[in-house]
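Okay, structure first, notes after.
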Amino acid sequence: MNKTIGFIGSGNMGNAMIGGIVSSNLVPAENIIVADLNEKQLAKVKEAYGVNVTTDNLEVAKKADIIVLSIKPHIYPVVIETIKKNIKEEVIIVVIAAGKDIEDTQEAFGRKVKVVKVMPNTPAMVGEGMAAINPSKEVTKEELEEVISIFESFGKAEVVNGDLMDAVTAVSGSSPAYVYMFIEALADGAVLEGMPRDMAYKFAAQAVLGSAKMVLETGLHPGKLKDNVCSPGGTTIEAVATLEEKGFRHAVLAAMKKCADKSREMSK
């Protein structure tokens, strides 16, 4: 990709994206420019990835062909107001904050800028992110492919309709937190049975990782994979029956509904 990619903000998600882009050689490090008011953070980013850094958002606005707004939602209006008169005519604005959509962003810029709304997640930090991508109608097919390639440099990406973004928030944006809770609970169960805690976390985390990989790589339905582990009258079906009795599935569904509802509320 022969483009300059700019980041305004260098928090966890911004760092994950920068690391993925650099390690995949999608663009040279010198084609990335990062702005942040935190000079210590900028120094870490520069040392880690060899990218250009600045404390001036306008420098990113003037140079970047693709600008990633890697900042908290409440800061969007202030930052956009600062940069909107200095962005390139054909710039692509990548929005990754919850509660910020294409229409909000175009209204803040005061014109129909090219916007791609993306819902990434934190596993991008280890190259296993999942991103939902929704472009505005002004974005060309070639430009969309460029944005997809950015997010595929540190995981997987899918183009989705805008009305699915709240579901995406529940199923991948926020779900790492649920999975960490599950891993912690599995480890607690192992500790209860006498396993050292460090070992318990390793066993639990690898079991979750391997199970997810089985779903993705075999293409089999999760229910079928579950059935394959459940021998008649065995230990696993006993555990599954207990999970059903305690409302495991219902708890997950209810939590995701709450998450999606909150996402819709934040978008109003």
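The values are calculated or read from the model by the stated rules, or taken from the named source; none is laboratory data. Predicted, not measured: the structure shown is a model, and the values here were computed from it. Every residue, glycine among them, receives a Cβ derived from its backbone with ideal geometry; neighbour counts consider all protein chains shown. Accessible surface areas use protein heavy atoms only, side chains included; no ligands, DNA or RNA. Shrake-Rupley method; radii C 1.70, N 1.55, O 1.52, S 1.80 Å.
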With respect to ALA177, is the statement that it is modelled with pLDDT of 95 or more and touching a strand residue (DSSP E or B) at 6+ places or on another chain (Cβ under 8 Å) true?
-> no
Can you name the residue in region 244-268 that is of a type in the set (A, V, I, L, M) and open to solvent by less than 80 Å² (accessible area, probe 1.4 Å) and is also farthest from ILE96 (Cα to Cα) among such residues?
-> ALA251
Among the numbered criteria (1) out of contact with any helix residue (DSSP H, G or I) (no Cβ under 7 Å at 6 or more places or on another chain); (2) surrounded by fewer than 17 Cβ atoms within 10 Å (Cβ to Cβ), which single criterion is violated by ALA64?
-> (2)
Considering only residues that are open to solvent by 20 Å² or more (accessible area, probe 1.4 Å) and under 13 Å from the mean Cα position of the chain (by Cα), look in region 120-147 and name the one that is nearest to ALA98 (Cα to Cα).
-> THR122
Does PHE248 satisfy the condition of being without any contact (Cβ under 8 Å) to a residue 60 or more places away in the chain, among the aromatic types (Phe, Trp, Tyr) and farther than 22 Å from VAL126 by Cβ?
-> yes
Helices (runs of 4 or more DSSP H) completely within region 152-243 that count 3 or more residues being among the charged types (D, E, K, R) = 197-218, 222-229
Which residues, taken from region 183-206, are closer than 20 Å to VAL252 by Cβ and either surrounded by 15 or more Cβ atoms within 10 Å (Cβ to Cβ) or among the acidic types (Asp, Glu) (or both)?
-> ILE183, GLU184, LEU186, ALA187, ASP188, ALA204, ALA205
Single residue of SER172, SER149 found to be within 30 Å of LYS3 (Cβ to Cβ) and in contact (Cβ under 8 Å) with a residue 60 or more places away in the chain = SER149
Flagged in region 215-236 as of a type in the set (A, V, I, L, M, F, W, C) and open to solvent by less than 70 Å² (accessible area, probe 1.4 Å), in numbering order, are VAL215, LEU225, CYS230
Is there a residue in region 92-104 that is within 18 Å of LYS3 (Cβ to Cβ), within 23 Å of the chain's Cα centre (by Cα) and free of Cβ contacts under 8 Å to residues at least 40 places away in the same chain?
-> yes
Candidate set: region 5-48, residues that are more than 24 Å from PRO73 (Cα to Cα) and buried (at least 19 other Cβ atoms within 10 Å of the Cβ); chosen: the one modelled with the highest pLDDT = ASN31
Please find, among VAL79, VAL113, the residue that is open to solvent by less than 40 Å² (accessible area, probe 1.4 Å), of a type in the set (A, V, I, L, M), over 20 Å from GLY155 (Cβ atoms) and more than 22 Å from the chain's Cα centre (by Cα).
-> VAL113
